[in-house]
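Worksheet for the structure shown next.
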Amino acid sequence: MKTLRLLILIGILAALPLVFSPACCAEELPPEMQELDGKRFGVQTGSTFDRDVLTWFPHAEIVYYNSLPDLAVALETGKIDAFPSDGIALEMMRQEGMELTILEPAMDEYSCGVVFAKTPEGGKLRDQMDAWMDAAREKGLMDEMLDKWLHAAEEDKTMPDPQDLSAENGVLVFATEAGFPPFDYMRSGEVVGFEVEMAILFCREFGYGIEIIPMNFDGILPAIQSGKVDFSASGFAITPERMESINFSQPYYTGGTRIVVRSTESGGEASFFERILESIEKNFIREDRWKLFVKGIENTLIITGFSVLFGTMLGFGIFMLCRKGNPVANTVTNVALRLVQGMPMVVLLMILYYVIFGHVSVSGIVISIVGFTLTFGSGIYGLLKIGVDAVDRGQYEAAYSLGHTERGTFFRFILPQALPHILPACKGEIVSLLKATAIVGYIAVQDLTKMSDIVRSRTYEPFFPLIAVALIYFVLEDLFSILISFLERKLDPKRRTEAEILKGVK
């Protein structure tokens, strides 16, 4: 036993240099890159670039961001000193006008593959994709597509129409980030790019239809594993760790990790008015990007409107079940309320999307409505309790003495007096719900905030898309407030006419 312990100790001591010494070191880099060791690096959440940074810069501080546009803005505003990404993607950013310096040499090489679920069906799709890639390479199609998306003018980057697919063997759900040009990005309201074209041509070859869903990069792999998505291509590097939980196709692209810092050169100073006009053209007019904002507003209003409607019905129904003190109903309600109110809204949505409805073909909009209905319903239940309790108990006795039933007393006398106490707080609940919908992009819903992210992924401008979204939310909030204020006036018992008060009295 002592000998075994001694051998284990020797093994641990021998392994310590391997654990604490990086495979490469900053001294092997050019001087301009050596200076970055100890600096703050931004890394996209869910990517493998953090491993590359810590390998070459062991003293670096890692800060995680959700998307490439967020990294670009953080670099431009000085929140980070550098960030890694694919060299081609960085070159596309520079072509869009970002003042970037891409450092040499490439840090690491990696191969990207299409990802599938680690299931028999996922394995079948993976084998079909490998067969299609072999045939496409033999015909020169893969090189032709890659060359087009990397070097052709934007008007020459044509896409096959996904609506023309036969879908004789069913429809596959394809997820992609839609913010990583030239591989996947939004153009004129449609998701395009090398990876998207590859997915469409694969589906055409094997008789599948395709549904393309833009998602946050860090949400794609959980969606694959839960069965919400059939396959995805969004620059996923093939790693042994990932291969433990998902199926990879053969590589379709080999890239290199490059480090980018902010350029010290200036492209010339334009006047403030000229910059305003240029930003308006880039963010709203070019490629009809204003339509993305309109679609985002539509989805935000659908989620908010139906959540308020169903949440009100749910909260009122639960209150009616519990208002007489039924012990079973009250116990179940209290437990459910603690579960719903005790977790962040984004966590609730992700549990609904990836777990409860993980293997059910339900859109993210429907799941968002379910999630916000639960939270809004719990709020309405609490407001009803407060409002009804605020009505003097003598109102019940007076109504009973006039011969009214318990139900008639509640709906005719108690509830009308409780509503003025409820509606002002309800206005705040609705406004909070409207603003809370900004998180539904986590479950592949293209709401107003998500559309802003998509636009920023093409323009790399933080100011105009975010200011536009803020103003739109401000207008929507005012519209809902005006509607609730109108209902307050209509339902105020003090505003009833004499005829309304005496209605039904003989």
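General observations
- If the condition is being surrounded by fewer than 16 Cβ atoms within 10 Å (Cβ to Cβ) and among the polar types (S, T, N, Q), then the stretch 332-356 contributes N334, Q341.
- Those residues of the stretch 34-76 which are in a helix (DSSP H, G or I), of a type in the set (A, V, I, L, M, F, W, C) and within 21 Å of R94 (Cβ to Cβ), in sequence order: F49, V53, L68, L71, A72, V73, A74, L75
- Some residue of the stretch 87-100 being within 25 Å of the chain's Cα centre (by Cα), of a type in the set (K, R) and part of a helix (DSSP H, G or I): no
- Hits in the stretch 102-123 (condition: assigned to a helix (DSSP H, G or I) and either out of contact with any strand residue (DSSP E or B) (no Cβ under 9 Å at 6 or more places or on another chain) or farther than 20 Å from F174 by Cβ (or both)): P120, E121
- Test: residue in the stretch 187-201 that is part of a loop (DSSP other than H, G, I, E, B), farther than 25 Å from R289 by Cα and not small (G, A, S): no
- Failed item in (1) crowded, with 18+ Cβ neighbours inside 10 Å; (2) out of contact with any Phe, Trp or Tyr (no Cβ under 9 Å at 6 or more places or on another chain); (3) within 28 Å of M198 (Cα to Cα), with A72 passing the rest: (2)
- The stretch 478-497, subset at pLDDT 80 or above and surrounded by 16 or more Cβ atoms within 10 Å (Cβ to Cβ), residue nearest to M98 (Cα to Cα): F480
- Here T158 meets the list (1) buried (at least 23 other Cβ atoms within 10 Å of the Cβ); (2) without any contact (Cβ under 8 Å) to a residue 24 or more places away in the chain almost entirely, failing just condition (1).
- Here A82 fulfils each of the conditions (1) modelled with pLDDT of 85 or more; (2) surrounded by fewer than 21 Cβ atoms within 10 Å (Cβ to Cβ) apart from (2).
- Those residues of the stretch 396-415 which are surrounded by 15 or more Cβ atoms within 10 Å (Cβ to Cβ) and in a helix (DSSP H, G or I), in sequence order: Y396, A399, T409, F410, F413, I414, L415
- Evaluated against (1) modelled with pLDDT of 85 or more; (2) touching a Leu at 6+ places or on another chain (Cβ under 8 Å); (3) closer than 29 Å to I200 by Cα, R94 falls short on exactly one condition, (1).
- For the stretch 115-128, the criterion of being under 20 Å from G179 (Cβ atoms) and either at pLDDT below 95 or in contact with a Phe, Trp or Tyr (Cβ under 7 Å, 6 or more places away or on another chain) (or both) is met by at least one residue.
- Filtered by the rule that a residue be within 17 Å of I386 (Cβ to Cβ) and part of a loop (DSSP other than H, G, I, E, B), the stretch 313-339 gives R323, G325.
The values are calculated or read from the model by the stated rules, or taken from the named source; none is laboratory data. Quantities reported herein were computed from a predicted structural model and do not represent experimental measurements. Backbone-built Cβ (ideal geometry, glycine too); neighbour counts: all protein chains shown.
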